[in-house]
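Here's the structure we're looking at; comments come further down.
The values are calculated or read from the model by the stated rules, or taken from the named source; none is laboratory data. No experiment lies behind these values; they were computed from the predicted model shown. Cβ coordinates were reconstructed from backbone atoms using ideal geometry, including for glycine residues, and neighbour counts include every protein chain displayed.
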Amino acid sequence: MQSSPIRDLIVGLFVVSGLLALAYLTFQVGGLSLRTRGGFTLYAAFDDIGGLKTRAPVSVSGVKVGQVTDVELDDWLRARVTLDLDPGYELPIDTTARIQTSGVLGDQFVALEAGGGEDMLRSGEEIEFTESALSLERLVGKFVNDAGLEED
Amino acid sequence: MEQREEAAETFRIALDGVSLRRGHREVFRDLSCGFRAGEISVILGGSGAGKSTLLRVIGGLTRPDSGAVRVAGRDITRLSERDMFTVRDGIGMLFQGGALLDSLTIFDNVALPLREHTELSEREIHAAVARRLTAVGLPETEGLFPRQLSGGMNRRAALARAVVNDPEIVLCDEPFSGLDPLNVRRIESLLMDLNRRLGLTLLVTSHHLASSLRMADRIVFLRRGGALVGTPEALLRSADPEVVAFLSAESEAGSR
Amino acid sequence: MIGAIQRLGNRSVGIVEELGRMTVFVAGVARTLAMPPYRLRRIVDEVYDVGALSLAIICLSGLTVGAVLGLQGYYNLARFGADGSLGAVVGLVLVRELGPVLTALLVTGRAGSAMAAEIASMVTTEQLDGLRMMSVDPIDYVVSPKALAMGIAMPLLNALFIVFAFVGGYLVGVSYLGLDGGQYWTSLEEAITVADDIAGSLLKSLVFGALIAVIATYRGTTSEPTASGVSAATTGTVVTGSVVILVFDYVITALWGV
């Protein structure tokens with residue numbers, strides 16, 4: 001059959017641009033990571049993670065350095081969060097992991113605060129010092145309760 | 001002109017008691033007729049007599065409501081579409097409008113049966129197609145698309161496609177309508193040549209009386225009461241009122 | 001009264017028969033796609049017709065829809081002081097819902113109708129019968145490449161539509177209304193997950209593509225061999241296609257929560 005090179009070229013360009021768009025949506029927007037645990041993995045256990053979900057950002061001093069890849073319960077029924085950090089960061093062993101909220105009602109994220117220790121955390125280790133999520137509802141409840149107790 | 005009873009085996013194609021209704025219209029009622037191998041049979045009849053439908057029934061495109069249609073001894077009314085393909089390998093069909101695929105060039109259209117069913121090299125295909133196109137008088141149209149040619153030229157290209165893989169039977173639906181006298185002669189002699197030289201069995205529907213009489217070995221006249229079969233001379237001598245009416249109307253209209 | 005019941009019964013039998021024919025038709029398409037010859041040449045040509053020729057309308061519509069979403073989203077979010085979540089709103093609405101549905105509707109109007117009209121006019125001019133007489137299955141030669149091309153083009157067009165709509169939202173939200181660009185993209189990327197949103201979007205566009213392909217080719221091949229048959233097949237494809245897309249959109253969303 002007669003081939004039509006220009007038409008073939010256009011079809012090729014169409015398919016390539018479509019696949020690129022699909023790849024962009026999948027990897028950049030959707031956040032699918034091809035490197036499986038290739039980065040720097042830390043664990044942190046919290047009493048209460050509030051509304052923290054996977055893909056929530058992990059930041060140090062407000063700079064994003066990684067994301068939450070997994071949330072599960074550990075043997076003591078605490079929330080064990082897996083943090084996937086970009087390679088190249090060195091965090092002291094006494095780093096604190098804290099669940100914070102961006103703004104009053106915004107999404108929750110994990111903030112890491114470096115300590116002053118000499119030794120550095122290695123991939124796969126657990127962050128010992130954690131602070132749970134500050135739940136607005138609980139704060140309000142506590143405030144109301146305290147007020148009520150005083151009235152008693 | 002008489003209806004003769006002949007042994008079924010002398011017929012390449014035989015219809016036996018075929019009935020077909022289209023909605024409320026009865027196209028065929030208990031139609032029986034046969035077409036012999038190696039002959040040119042011209043199917044005549046007024047419009048609406050079912051000439052084209054008859055070819056469609058023989059090609060297996062339209063299934064009759066009842067009756068048997070035997071092509072080379074096989075009753076095709078019971079064949080599945082896939083089994084029909086093996087029967088159709090020996091049949092070429094020229095449709096009234098040509099029915100060329102308008103997304104393909106003339107060359108690709110004519111080459112299609114070869115590409116689909118043979119292992120010929122591109123070179124051999126090219127030679128075969130060029131030979132057929134020259135025979136129908138369209139030597140330099142290979143790269144053109146059907147829409148760039150006139151209706152008559154399309155029909156000729158379609159004829160080239162119908163015979164390109166050397167079928168034994170060729171069904172031609174109105175090959176002459178809309179052609180100028182020169183091309184009527186050209187197609188006519190091409191069909192006669194295919195018949196004489198290669199022994200093809202040809203079924204041609206037509207209302208072009210002059211060419212029908214020239215080329216036909218046998219005339220099949222379709223009328224309401226069934227088919228009348230006979231030689232061209234027998235047709236001219238026929239006393240059947242429908243035939244007489246058809247012939248007189250045709251001579252009044254002149255040679256179309 | 002009896003006449004009405006009779007008509008109802010007649011209609012029901014007719015619908016069941018039609019569904020049966022459609023099933024046979026779809027099975028034929030599936031069989032010819034699975035078995036050689038694979039007709040790559042035909043498929044490429046059809047992808048050109050369905051995909052490449054729909055590119056302009058898809059990109060333009062995507063840009064416009066994204067811009068409108070940016071505007072609407074901004075005004076309504078700003079009332080709650082949540083205009084920082086514009087990216088998330090634009091992204092989720094587009095990926096999960098508007099992208100697949102609008103792409104499918106546009107493709108139905110642009111390519112589905114053309115597909116039905118082309119096949120119907122091939123019926124009218126006996127081209128499909130011509131193929132049958134050459135022992136070539138029209139499903140294999142004409143219908144299946146068209147159907148497959150629709151299946152290939154739809155997810156790609158959907159992805160392009162969504163990306164262009166993101167840009168449209170960015171242009172309005174960031175360039176025009178002055179939101180922070182980084183925040184737009186961050187909020188968009190954090191809101192969307194592969195497993196739920198992108199996969200669901202892909203699923204929808206694949207289902208819609210298959211539906212339109214079947215409707216357009218079926219309406220085309222079963223059309224009356226007349227000029228009005230061609231126009232009926234075209235209109236029927238657009239009307240049936242659009243309704244079926246919307247119904248299936250609801251069904252998929254209800255079943256899988258996409």
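Structure notes:
- Within region C:184-201, if we keep just the residues that are crowded, with 19+ Cβ neighbours inside 10 Å and more than 8 Å from every other protein chain (Cβ to nearest Cβ), the residue that is nearest to residue A:55 (Cα to Cα) turns out to be C:191.
- Some residue of region B:92-105 being over 21 Å from the mean Cα position of the chain (by Cα) and within 8 Å of chain C (Cβ to nearest Cβ): yes
- Restricting attention to region B:54-70 and to residues that are buried (at least 19 other Cβ atoms within 10 Å of the Cβ) and touching a Lys or Arg at 6+ places or on another chain (Cβ under 8 Å), the residue that is farthest from the other protein chains (Cβ to nearest Cβ) turns out to be B:57.
- When residue B:85 is tested against (1) more than 14 Å from chain C (Cβ to nearest Cβ); (2) farther than 21 Å from residue B:188 by Cα; (3) of a type in the set (Phe, Trp, Tyr), only condition (1) is not met.
- Residue within region C:21-34 that is surrounded by 14 or more Cβ atoms within 10 Å (Cβ to Cβ) and within 13 Å of chain A (Cβ to nearest Cβ) present: no
- Criterion violated by residue B:218 - all others in (1) farther than 19 Å from residue B:156 by Cα; (2) in contact with a helix residue (DSSP H, G or I) (Cβ under 9 Å, 6 or more places away or on another chain); (3) free of Cβ contacts under 8 Å to residues at least 60 places away in the same chain satisfied: (3)
- Scanning region A:25-47 for residues that are part of a loop (DSSP other than H, G, I, E, B) and either within 8 Å of another protein chain (Cβ to nearest Cβ) or at pLDDT 85 or above (or both) yields a count of 4.
- Within region C:130-145, restricting attention to residues that are charged (D, E, K, R) and at the interface with chain B (Cβ under 8 Å from one of its Cβ atoms), the residue that is nearest to residue B:98 (Cα to Cα) is C:132.
- Hits in region C:154-183 - residues which are surrounded by fewer than 24 Cβ atoms within 10 Å (Cβ to Cβ), in a helix (DSSP H, G or I) and away from chain A (no Cβ under 12 Å): C:170, C:171, C:172, C:174, C:175, C:176, C:181
- Filter result for residue B:44 (touching a helix residue (DSSP H, G or I) at 6+ places or on another chain (Cβ under 9 Å) and without any contact (Cβ under 8 Å) to a residue 12 or more places away in the chain): no
- Filter result for residue B:138 (part of a strand (DSSP E or B), within 24 Å of residue C:126 (Cβ to Cβ) and not acidic (Asp, Glu)): no
- The residue that is farthest from residue C:140 (Cα to Cα), counting only those in region C:215-258 that are in a loop (DSSP other than H, G, I, E, B) and not polar (S, T, N, Q), is C:257.
- If you go through region B:71-117 and keep only what is in contact with a Lys or Arg (Cβ under 9 Å, 6 or more places away or on another chain) and of a type in the set (D, E, K, R), you end up with B:81, B:83, B:88, B:102, B:108.
- Residue in region B:188-202 that is closer than 24 Å to residue B:20 by Cα and modelled with pLDDT of 85 or more present: yes
- Members of region B:149-167 found to be farther than 23 Å from residue B:118 by Cα and either in contact with a helix residue (DSSP H, G or I) (Cβ under 9 Å, 6 or more places away or on another chain) or β-branched (Val, Ile, Thr) (or both), listed by number: B:149, B:152, B:153, B:154, B:155
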